Amino acid sequence: MDFTDTFFNVAATVSSGEIIKSPDFPLLHGTHALELLNPKLDTYLLPEVIYSPSKYTEEETYAIALELLASIGSWVNENTPLSSSVLAWEPLCHLLLNGFPTNFDCTSNEDVVNALCVAVIGVVKFILKIGFQGIVYENEDITTLTMDLDFFTAVPAADFINVIDNAMKWCGDNDTTKVFIIFKEWIQVESVLNWKLTPFEKATCITEKSLKWSSIASLINSISTKDVSHLPVGIFNTNAQRKFNNPTPPKPVTRQELSSCLKDLADMFEDLILVIKSAEQPSSLDLTIWLENIANVRHEVSEFECIGMHVVPRMLLQLYLVRDDGSLFGCSTANTFTYLKDFLCLTIKNSSLETHNPPQINEILQALLTPFNQFLTAISQNPARQRQLLSKELLFWDKLHVELEPVELAINKSYSDVYKHNQMPILPVLCFVYYQKLRSMVILSFKSIELALYKDQFELKNAYFVLSYQLDYLLEHMDRLQEMYAYRLKQLEPGNSYEKKLKKLSGVKKQALRQEYDHLKSGLADLNKYQSFIQGQSKYYQAIKKVVEIKLTSLQVLCTSSFTNGKVARENSNENSFNLQMKPLSSIGAPALPTWKEVEKSQTSFDETFELVQSQGKASRVSMLVQGHTAEVSQLANGKKDYQWDRVKRECILAQLELSTILKKEKGNVSIIRDGKWCWFPALSLD
């Protein structure tokens with residue numbers, strides 16, 4: 001739908017000369033223009049801070065160690081430039097200009113401070129190396145502007161470690177040693193990119209490194225954040241912005257609040273464990289779900305921000321998963337093509353397509369690689385970019401859904417694969433594409449809720465209405481997949497048609513049929529595995545749908561005229577805004593997006609029912625619409641104790657309680673609360 005005319009009509013109503021800006025957004029944010037002698041833009045006008053190095057006490061040394069952590073935390077956790085965080089340390093800049101210390105021997109606190117600066121430079125060097133790969137977005141996820149300084153890029157990691165070990169030996173068992181241990185392990189993170197792993201198999205190096213990083217996370221949580229007021233005066237300043245090549249306006253020097261920094265660093269090491277464990281997931285199915293769960297890690301959900309996995313593990317994930325030579329986890333016999341081919345067996349196992357392997361199969365796989373690579377790219381991005389890339393991936397799946405149908409039908413005519421009871425063709429590739437498309441649609445809708453694109457109860461209600469509709473299609477398709485597995489398994493039951501035919505045949509024909517039958521029997525274990533996988537996914541999304549239905553009921557109540565004082569919807573919550581918000585889904589051919597009229601009709605029907613039961617003083621009976629959902633979710637979970645199921649069960653109970661609370665009130669101002677909530681299901685509150 002074209003909104004150009006509507007936009008310009010609205011813009012024409014704005015008085016000439018007025019500037020419209022949100023109080024939450026600084027108008028010059030992102031402006032990097034320079035203007036000589038303008039104190040807001042000319043960094044040379046910054047006052048020079050005179051810092052005279054002196055002997056450091058042990059308290060000062062520890063304060064410097066902690067604040068160096070906070071500075072690097074400000075860079076990687078809060079995305080502040082190096083110029084106003086790490087490079088604001090005078091001793092560190094001095095070291096960069098004078099070169100890497102050779103034959104380092106630690107004999108004083110001054111040497112310890114130099115070693116700390118070496119450690120920080122080593123960490124920055126590693127992060128810049130993976131940051132320059134272009135995996136995440138510059139300025140959006142991390143800022144890699146180095147002011148033309150070389151962070152000892154030619155110095156091997158072993159030399160940094162030697163300096164750290166030397167300093168740790170002199171420090172002994174004191175608090176500063178803990179900081180050195182963190183920096184040392186951080187520098188060594190890069191070593192995992194040299195691992196040559198066999199996908200879907202356990203590896204000792206992964207187990208050992210996971211235990212090591214888990215202990216580092218515990219060490220970080222144990223660090224004392226005692227008084228750091230012992231920091232030498234002038235050691236942290238703006239001199240770097242003044243002296244070095246700096247194309248940005250002057251910025252205040254910043255260090256992340258220490259407790260937040262330590263929490264973020266502990267989260268980083270926990271996230272790194274998730275990254276390296278991806279290689280030992282037992283199958284392509286498990287790996288795909290694992291990667292999706294990694295993409296959905298959320299460390300903080302607030303009213304204005306949704307923070308995903310730490311940026312360092314996100315960057316490392318791409319390089320660890322797909323190496324420079326295109327291999328998967330460094331395995332010479334595995335790559336994204338073989339990964340996809342194995343994943344496609346979810347639907348093509350024991351099909352004629354797999355058994356006969358026609359020449360078109362490689363062309364089909366090459367076509368599927370485009371959206372699959374889009375998925376592998378999206379998992380490393382921040383939540384907002386994930387949604388953007390998922391929207392593109394969805395378009396690719398939809399395009400393939402149309403383009404591959406005639407191709408697969410033609411193959412099916414050559415290598416017949418039909419259900420015996422109705423002679424309907426089985427199209428396993430289309431089943432796979434449609435499954436991926438439907439799941440992408442559902443996840444895209446949830447990510448829109450996650451990013452707070454729906455601002456009030458009217459818009460949020462529409463979002464859950466669409467989600468309920470999408471989940472119906474996904475669950476229906478999973479049922480069809482289950483029917484396909486049941487048919488494949490029945491083909492291998494004792495006394496099946498293959499065994500009967502083999503008794504009647506002889507010679508070459510019997511040998512060919514025997515080979516085909518043996519091949520099908522060899523896939524029995526995989527078929528059972530795929531059937532079990534889809535059963536698990538179906539139960540999970542059934543449970544998710546139960547929560548969606550409760551949320552939708554609550555929102556429909558909050559959108560009735562009795563709760564809105566006769567106001568049916570907010571002024572901009574109309575057909576145009578609905579079409580605009582649902583634009584990423586509007587171009588999908590099948591299943592088509594519900595129309596605005598269908599959404600309105602649903603709410604009108606609910607209004608009439610609610611008004612009737614309310615007039616009878618029985619509004620609480622509305623909860624009967626979703627009565628028993630909590631018990632059904634527990635039944636679907638079937639005793640599972642993992643994080644995903646625990647979260648769904650908890651959310652279902654909370655949603656049920658929320659609906660009961662809403663029904664007890666007659667009116668009020670509706671608030672959507674996201675702080676600390678599951679980002680897919682923000683809480684609803686009546687003031």
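Beyond 28 Å between alpha-carbons counts as too far, so tell me which of Lys55/Lys169; Lys341/Lys437; Lys263/Lys546; Lys539/Lys597 fall in that bin.
From Lys55/Lys169; Lys341/Lys437; Lys263/Lys546; Lys539/Lys597, over 28 Å: Lys263/Lys546; Lys539/Lys597.
How much length, in nm to one decimal, is gained on full extension between Arg650 and Val49, taken as 0.36 nm per residue of separation minus their Cα-Cα distance?
Stretched out fully, the Arg650 to Val49 stretch lengthens by 210.9 nm.
Under 17 Å Cα to Cα from Lys125, which lysines show up? Leave out anything in the same chain fewer than 8 places away.
Correct list for Lys125: Lys184.
With the contact rule set at Cα under 8 Å and sequence spacing of 6 or more, what percent relative contact order holds for the stretch 43-280?
Numbers: 290 pairs, mean separation 90.7, N = 238.
The value is 38 percent.
Give or take rounding to whole Å, what are the principal axis extents of the alpha carbon atoms in the stretch 481-541, in descending order?
50, 16, 14
Could I have the simple spin-label model distance between Gln423 and Asn98, label points 7 Å from Cα toward Cβ, reported in nm to one decimal?
8.9 nm
Report ³J(HN,Hα) in whole Hz for each residue of the stretch 546-560, in order, from the Karplus equation J = 6.51 cos²θ - 1.76 cosθ + 1.60 where θ = phi - 60°; Gly and Pro get x.
Taking θ as phi minus 60°, the curve returns 4, 5, 4, 5, 5, 4, 4, 4, 4, 5, 5, 4, 5, 9, 6 Hz for the stretch 546-560.
Output the pairs from Lys461/Lys583; Lys640/Lys665; Lys349/Lys413; Lys209/Lys529 with a Cα-Cα distance over 26 Å in this structure; if there are none, say none.
Lys640/Lys665; Lys209/Lys529
What list do you get for Phe104, Phe183 if you sort them by fewest beta carbons within 10 Å?
Placing the least packed residue first, the sequence is Phe104, Phe183.
Rounded to the nearest 5, what % of the DSSP beta bridges within the chain are antiparallel ones?
The answer is about 90 percent antiparallel.
Compute the relative contact order of the chain as a whole-number percentage, counting only Cα pairs closer than 8 Å that sit 6 or more residues apart in sequence.
Averaging sequence separation for qualifying contacts and normalising by length gives 12 percent for the chain.
Any aspartates and glutamates with Cα under 12 Å of the Lys667 Cα? List them, leaving off those in the same chain fewer than 8 positions away.
Asp687
Given the -39500 (n - 2.57) contribution per DSSP H run of 4+ residues, what per-residue ellipticity at 222 nm results for the chain, rounded to the nearest 500 deg cm²/dmol?
Values: 25 runs with 402 residues, N = 687.
Computed mean residue ellipticity for the chain: -19500 deg cm²/dmol.
For Val322, what residues show an amide H to amide H distance below 5 Å, using hydrogens built from the backbone and excluding near sequence neighbours?
Placed amide hydrogens put Phe329 under 5 Å from Val322.
Could you sort 509-517, 287-295, 53-61 so that the peptide with the highest average Cβ count within 10 Å comes first and the rest follow in order?
For the peptides 509-517, 287-295, 53-61, the packing ranking is 287-295, 53-61, 509-517.
Could you work out, for the chain, what percent of all Cα-Cα pairs fall into each 10 Å distance bin, beginning at 0 Å and stopping at the bin that holds the largest distance?
3, 12, 19, 21, 19, 15, 8, 3, 1, 0
Per residue, how big is the convex hull of the stretch 43-280 when only Cα atoms are used? Give it in Å³.
128 Å³
Full extension from Leu451 to Ser214: what is 0.36 nm times the residue separation minus their Cα-Cα distance, to one decimal in nm?
Difference between extended and current length: 82.3 nm.
Could you derive backbone 3J(HN,Hα) for the stretch 603-608 from the dihedral phi with the Karplus parameters 6.51, -1.76 and 1.60 (θ = phi - 60°), listing whole Hz in sequence and x where the residue is Gly or Pro?
Along the stretch 603-608, the couplings run 5, 4, 4, 5, 4, 5 Hz.
Take the Cβ-Cβ distance between Leu580 and Leu365 as r, set R0 to 30 Å, and report the resulting FRET efficiency rounded to the nearest 0.05. Could the numbers behind the result be given before it?
Values: r = 36 Å, r/R0 = 1.21.
According to the calculation, E is roughly 0.25.
I need to check one value: relative contact order of the stretch 419-496, counting alpha carbon pairs closer than 8 Å and at least 6 residues apart, in percent.
Details: 24 pairs, mean separation 25.7, N = 78.
The normalised contact order for the stretch 419-496 reaches 33 percent.
With 10 angstrom as the radius, rank Leu453, Leu265 by how many other C-beta atoms surround their C-beta, starting from the fewest.
Result, fewest neighbours first: Leu453, Leu265.
Using only Cα atoms, tell me the angle between helix 204-222 and the longest principal axis of the chain; keep it within 0 to 90° and round to the nearest 10.
The angle comes out near 60 degrees.
Which FRET efficiency, nearest 0.05, do Phe304 and Thr153 yield, Cβ-Cβ r, R0 51 Å?
0.85
Under a crude label model (7 Å from the Cα following the beta-carbon direction), how far is Leu231 from Thr336 in nanometres?
Between Leu231 and Thr336, the simple spin-label model gives 4.3 nm.
Going by how many other Cβ atoms sit within 10 Å of their own, how do Phe329, Phe132 line up, fewest first?
By the 10 Å Cβ count, ascending: Phe132, Phe329.
Cα axis of helix 360-378 to longest principal axis of the chain: angle in degrees, 0 to 90, nearest 10?
40 degrees
Taking 0.36 nm per intervening residue step and subtracting the Cα-Cα distance, what contour gain separates Ala486 from Glu666 on full extension?
59.7 nm
List the lysines whose Cα lies under 17 Å from the Cα of Lys664, skipping any in the same chain that are fewer than 8 positions away.
Result set, ordered by chain and number: Lys551, Lys618.
First measure r as the distance between the Cβ atoms of Glu78 and Thr595, then evaluate 1/(1 + (r/R0)^6) with R0 = 51 Å and state the FRET efficiency to the nearest 0.05.
0.70
None of the figures in this text is laboratory data; all of them are computed from the coordinates on show. Note that the coordinates shown come from a computational prediction; the quantities given were computed from them, not determined experimentally. So basically every Cβ, Gly included, is an ideal-geometry build from the backbone, and we count neighbours across all protein chains shown.
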